[in-house]
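K.L.:
If you scroll down you'll find the structure; I have some questions about it.
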Amino acid sequence: DDTDVFYVAGEVFGGYFAAIGRSDHDVGETEEILTTSFATGLGVTTAVTLAIGLLLSRRMRLRLGRIRDALERVAAGDLRQPVPGSEYNDDVGTVVRLVNTTVRDLRVVMDSVQQISGDIAHDLKRPLTKLRDQLAMALDRAKRGTNVDDALLQAQEQARNIQRLFEALLRIAQIESGARRVRFQPVCLSAVLEDLHGTFEPVARQTGHRLVMEPEGDRGVIQGDEELLTQLFVNLIENGIFHTPPGTTISLSVTQSPDQVLAQVADDGPGIPPEDRERVTQRFYRCDKSRSTEGSGLGLSLVAAVATLHDATLTISDNQPGVLVTVAFPLSARKAPIASRGS
């Protein structure tokens with residue numbers, strides 16, 4: 001008819017024609033419903049997608065705006081406030097966490113530079129003033145026509161002391177930069193300490209001290225820079241000799257466990273006050289009792305720097321009596337950050 005289309009099938013049976021037909025009305029209605037539903041669903045999905053996209057875009061713009069403001073503060077020199085957004089577990093959050101790590105490391109470096117600058121200005125003031133006075137004395141003697149050799153020799157020695165101070169600072173900076181790692185090779189700590197015992201035992205005996213090497217045990221082979229490790233133990237032995245009274249015994253030992261090698265330098269002297277143990281590895285820091293002795297206050301700073309370069313843990317503790325300095329070198333892969341602590 002004018003509205004529907006009929007589908008008819010028929011067959012002749014015994015002289016009769018039998019036929020069956022069906023309208024496509026239901027099919028048309030189904031197509032209309034499906035078409036309407038699809039169009040409606042597509043429209044709703046598009047609207048929801050656009051709404052979600054606009055919302056996420058707005059949130060991302062706000063996040064990026066806060067990150068931009070924080071980075072502008074960092075560029076202006078404010079390294080105290082972290083960049084916001086590290087709590088998100090997406091790509092932007094990962095980048096923010098890396099930026100915060102970099103800013104934190106930069107802040108540590110800047111604080112260290114400021115501290116070093118202040119320490120240098122403070123600790124060089126006295127030797128530079130002394131050098132100026134010695135040169136002024138030599139100049140005054142020269143004007144009066146008297147002998148200036150002694151004054152010039154004193155000024156020369158003072159200039160050498162200042163030069164040694166700067167060389168020590170540069171050496172520490174080079175060690176802390178990690179540049180010496182390329183020189184790492186197998187080093188036997190027992191052999192290093194045995195050599196130093198043979199070198200310093202006569203010196204200790206002359207000053208009234210006793211330097212002993214504990215009975216040979218584990219060899220303690222690690223990957224490291226032998227020159228720097230030697231300097232580390234030289235500084236510890238010299239501290240034991242020059243900062244303890246005559247009669248003090250200084251002992252050296254190396255022990256090994258499955259995961260680390262422990263090198264120890266101990267003495268039975270007066271020890272270090274607990275309040276000073278946390279600070280003796282700082283540059284230029286000197287305990288009250290050691291301020292009257294010669295030195296720059298950089299010896300234990302260099303020890304800490306060498307330990308850090310070798311991923312070792314430096315511990316300064318009470319030997320009851322005296323001081324026990326333990327340097328623990330890991331035998332596993334060196335990936336973890338290094339702690340230099342007092343206890």
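The values are calculated or read from the model by the stated rules, or taken from the named source; none is laboratory data. Note that the coordinates shown come from a computational prediction; the quantities given were computed from them, not determined experimentally. Backbone-built Cβ (ideal geometry, glycine too); neighbour counts: all protein chains shown. Just so you know, the surface numbers come from the protein's heavy atoms only, side chains and all, with ligands and any DNA or RNA stripped out. Shrake-Rupley method; radii C 1.70, N 1.55, O 1.52, S 1.80 Å.
K.L.:
Averaged per residue, what accessible surface does the range 1-130 expose to a 1.4 Å probe, in Å²?
P.N.:
Averaged over the residues of the range 1-130, the accessible area is 78 Å².
K.L.:
I've got another one for you. In the range 13-118, what trypsin sites (Lys or Arg not before Pro) fall in a loop by DSSP, with at most 16 other Cβ atoms inside 10 Å?
P.N.:
In loop regions of the range 13-118 (DSSP not H, G, I, E or B), the sparsely surrounded trypsin sites (Lys or Arg not before Pro) are Arg80.
K.L.:
The range 1-101: percent of C-alpha pairs farther apart than 22 Å?
P.N.:
64 percent
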